[in-house]
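The values are calculated or read from the model by the stated rules, or taken from the named source; none is laboratory data. Keep in mind that what you see is a predicted model, and the values were worked out from it rather than measured. Neighbour counts are summed over all protein chains in view; Cβ atoms, including those assigned to glycine, are modelled from backbone coordinates with ideal geometry. Ligands, DNA and RNA are excluded from the accessible area calculation, which covers all protein heavy atoms including side chains. Shrake-Rupley method; radii C 1.70, N 1.55, O 1.52, S 1.80 Å.
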Amino acid sequence: MSIANVRPSNLANIKRLANQLKKRDGIPHRRALDLAARSAGFERYEHARTSIGNRSARVFLTGYWEDLETFERGRESLPVTLSRPLLELVSKAELKLVGGLASMRVAASDHLVKDMVGPTREYVRDSLCKAARALRFMEMTGLRPCDYLEASRAMADLDEELPGNDHSSYWKLPASGQFILIDEPYSGPIVSDERAAWAKRNGWDLVAADWPGLYFPYRCTIFVASKRTEDFDFDALVRSINALPAPETPEHWAGSSMPNHDVFISPQAATPQDKRRAKAKGTIVARPSRQTLPYHRDMIGYDRKPNGSMTLVQHQLAGRLLRAILQSNSKPGAVNWRVDKLMRVLVDWLYADVPHQQLNALDDPIDLYYGDMSPDDPLFSRANSPSGVESLLIELKGLLEGAYPQCAPLRKLTGRIDTALKITRSGAGRKA
């Protein structure tokens, strides 16, 4: 991507692009500012300045902690001023793909809350600073996170993965789809001979950036890598990363602290629902209702399941159904992660449903869902066709709906099954 095709995300990036255009084309500075503003979708620079100024927004990042040794507790909140509203910068789905943000939930349009109660003040401050660094990185570079499947496709032609990679994250430029690999190992800012040879063999660019990084600033080095293409200006991207301000760190804490778990309500929490969402799940004293029961999830606190239970035999059947679907080659790959989500939830429900003495009699209860499956199992062969996969999904849905009362947690699971059914049927239709 040439610099003329860069789409700046804020005034600082518009000015930076204008300087590059001015040097490249030898044009007056005002003309360069207007051209850079047009590349961002504005009529001219003045239009960009007023529009972006009006769109600036402050986002509050909130986390809670409780020290089980000293019995101290507290709340930490870190404000981050962005050039535009949070959900214009990154979608709710994309938040789950970003380290530091994946464990946070959108409580209001200007508020992200961490549901897990941390063990210390320092732990929570560190996690909030990491989230702030990720927001600033996306804002200033215009990069968006991409999921593992997208990353796998983008790296499919590599002869091997990047040698010595550590703390890697996957990004893309939304306009062009250009894939960017960010790698942050514990090393100095030098591209080793082995990594340089890898980049040369595969036709990639790889450099160490000057900015201290996303994962662990001043301890790790941030390396930027991407496939070399004719219409992509790799150096311009690296310059935008190097121009990032000093990263937020706990050592220079700029947030506020409270010695209790009083709920932080952000300025844009306008409705009672917004205010309920502001409460971290880990701080909630959970109580049963007519339809649902609370159950404990490590570090997160409590989640809810249907106020009913499956027997051990029913969980064994559910596990066989899911494992048979997962090993099948007669379904689209997009079904797999939905099956994995179902398995994770049902393992939690297994421990909540079945008496401990029955579970203790098993070698490993998790094997009901994640253990090996014999090819002689009739469900194994039944999954060898799209229609067979459909029948297994339908049977699983019926099993769950027969054991549990209708409620939000159950509907979430059966909704995933319905989506998996649609994907399987559409995949079978394309093959036909």
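Brief remarks on what is shown
- Largest-first ordering by accessible area, 1.4 Å probe, given options 172, 200: 200, 172
- Extending 7 Å from the Cα toward the beta-carbon at both residue 246 and residue 176 defines two label points whose distance is 3.3 nm.
- In a DSSP loop and with at most 14 other Cβ atoms within 10 Å, the GluC sites (Glu not before Pro) in the range 132-164 are 160, 161.
- When the pairs 92/281; 130/200; 281/305; 130/422; 130/172 are compared against a 26 Å limit on Cα-Cα distance, 130/200; 130/422 fall above it.
- Per-residue [θ]222 nm for the chain (sum of -39500 (n - 2.57) over DSSP H runs n ≥ 4, rounded to 500): -13500 deg cm²/dmol
- Averaged per residue, the chain has 50 square angstrom of accessible surface, using a 1.4 angstrom probe with ligands and nucleic acids left out.
- Reducing the range 315-361 and the range 235-265 to their Cα centroids gives an inter-centroid distance of 39 Å.
- At 0.890 mPa s and 25 °C, Stokes D of the chain from Kirkwood alpha-carbon radius, µm² per second: 99 µm²/s
- As a size descriptor, the averaged projected area of the C-alpha convex hull of the range 105-225 was calculated at 9.0 nm².
- Histogram of C-alpha separations across the range 84-138, 10 Å bin width, %: 23, 60, 16, 1
- Atom-type composition of the exposed protein surface of the chain places 51 percent of the accessible area on carbon and sulfur (1.4 angstrom probe).
- Largest GNM mean-square fluctuation across 67, 147, 364, computed for the chain with C-alpha springs under 10 Å, falls on 364.
- Among 417, 222, 180, the largest mean-square fluctuation in a Gaussian network model of the chain (Cα springs under 10 Å) belongs to 417.
- Within a Gaussian network of the chain (alpha carbon springs, distance under 10 Å), most fluctuating of 379, 158, 362: 362
- Pairs of Cα atoms farther than 20 Å apart, the range 194-249, %: 31 percent
- With the highest mean first, a sort of the peptides 126-133, 205-212 on other beta-carbon atoms found within 10 angstrom per residue produces 126-133, 205-212.
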